[in-house]
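A short worksheet on the structure shown next.
Rule-based calculations on the coordinates, nothing more; no lab input. This one's a predicted model, so the numbers in the text were calculated from it and none came from an experiment. Using ideal geometry, Cβ is built from the backbone for each residue, glycine included, and neighbour counts are taken over all protein chains shown.
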Amino acid sequence: MPSIRAMEPATRELFEQRVSMLAAGGKSMRDTALILSGEFPGYGISFGTIQYIASARDLHFSGSTQSLERDIELFEQPYEFEELRITDAPDGYKIIIVNDVQFPFHDPKTLTAVENFWDEFKPDLEVFNGDMIDFYSISVFDKNPTRAFNLQNELDVGRGWLERRVTRHPEARRILDDGNHEDRLRRWLRKKGPEVASLRALKLNALLGLDEMGIEHLPYRSVIDFLGYRIEHGYKTSTSTAYPVNVSRYMAVGTGSSGLCGHSHRFSIYAWTDARGSHSYIENGCLSRFDLEYAPFPNWQQAFTYGIVHNNKVHLVPVLIYRDGFRAEGEFYRR
Ligand SMILES: [Fe+2]
Ligand SMILES: [Fe+2]
């Protein structure tokens, strides 16, 4: 039986493209082999063929050892996390929640539009809900050698932006809860420099100057319970990028509470009603660019959420950002 070596160059190219697409679409090696043996009959395409292409082109498949290692790295439990409860807020108290800005991979156009709204809305509470800084420089993934920035640059971009937020509206309360990307710093120090890991100067607090800016800081996997609405970075992503299942539903079932998470870089709302009334869970999108090299062809959405308190309940408004901008509080904000 002929192998893929017998393919015409054009067919071979098409075949390899399909392998990449199926890998990016979240298929396992086994499923990819099954699909492609149907699409390219007569070449004896097997699990081994896909394994060969995967290692030659450094592709990651769902369910493979490589992706299992990545998942373990991403979802590794921290030592400690907190639940910060805010049980009372007056009528008209305003909140904004943003996550997954991934500095220095933020989308400047989008961020400017969101900040224009932010400056007019003047929230009383600003939640920076994790993955604000990418920490690309210390990730476990292979680094692109042509990237010109270093770890200090990443921190400078993030810190500069936070400082601007503080200057624009100094009286707001601010909370940063770490995402898995901020947690890379703790994990990196634990693995690569345990002898110096205890140094206060190497903690995110010190590196970003959070204390000086008056920003409260919660470790990865912490939850902010704002009037019963559980706000957290999140840890769940949809297994399929091509046909994703809403993470909001997963988190709603998992927490049994109204809430909001980031992390998936996707946008959705799940609502349900039980004996206690109606509830909702928001999957809060991201504010990063869509061309991050560790996530080829992502099915992501840009979004953020704001809210206003009434009768000690927060009415949250999730805002999906379109290519030309978004509407919030009756105004259009051009991107
Ligand atoms: Fe993220
Ligand atoms: Fe994340």
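Listing for the model above:
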item	result
DSSP-defined antiparallel bridges as percent of all bridges, the stretch 76-334, nearest 5	55
Peptides ranked, highest mean first, by Cβ atoms within 10 Å: ranges 280-289, 206-215, 299-308	280-289, 299-308, 206-215
Residue-wise HN-Hα coupling along the stretch 303-320, computed from phi with Karplus coefficients 6.51, -1.76, 1.60 (Hz; x: Gly, Pro)	6, 8, 9, 10, x, 10, 8, 9, 6, 6, 10, 9, 9, 8, 10, x, 10, 8
ALA197 versus LYS143: modelled label distance in nm, points set 7 Å from Cα along the beta carbon direction	2.1
Orientation-averaged projected area, Cα convex hull of the stretch 163-213 (nm²)	4.0
Dimensionless Rg ratio for the stretch 4-67, taking C-alpha atoms and the 2.2 N^0.38 Å reference	1.01
Relative contact order, percent, the chain [alpha-carbon distance under 8 Å, six or more residues apart]	19
Over 23 Å (Cα to Cα) - which of LYS203/LYS236; LYS94/LYS313; LYS109/LYS203; LYS122/LYS203; LYS122/LYS313 fall in this group	LYS203/LYS236; LYS109/LYS203; LYS122/LYS203
Label zone at TYR322 (point 7 Å along Cα-to-Cβ), backbone N below 15 Å, the stretch 281-303	302-303
Cα gyration tensor shape for the stretch 229-335, rounded if a/c is under 1.5, else prolate or oblate	oblate
Length released on extending from ASN150 to MET21, taking residue separation times 0.36 nm less the Cα-Cα span	43.4 nm
Per-pair calculated FRET efficiency, R0 = 56 Å: SER3 and ASN116 via Cβ, rounded to 0.05	0.45
Rg over Rh, two decimals, the stretch 129-275 (C-alpha only, Kirkwood Rh)	1.00
Selection of trypsin sites (Lys or Arg not before Pro), the stretch 154-192, meeting DSSP coil and at most 15 other Cβ within 10 Å	none
Ratio of Rg to Rh over the chain (Cα coordinates, Kirkwood Rh, two decimals)	1.02
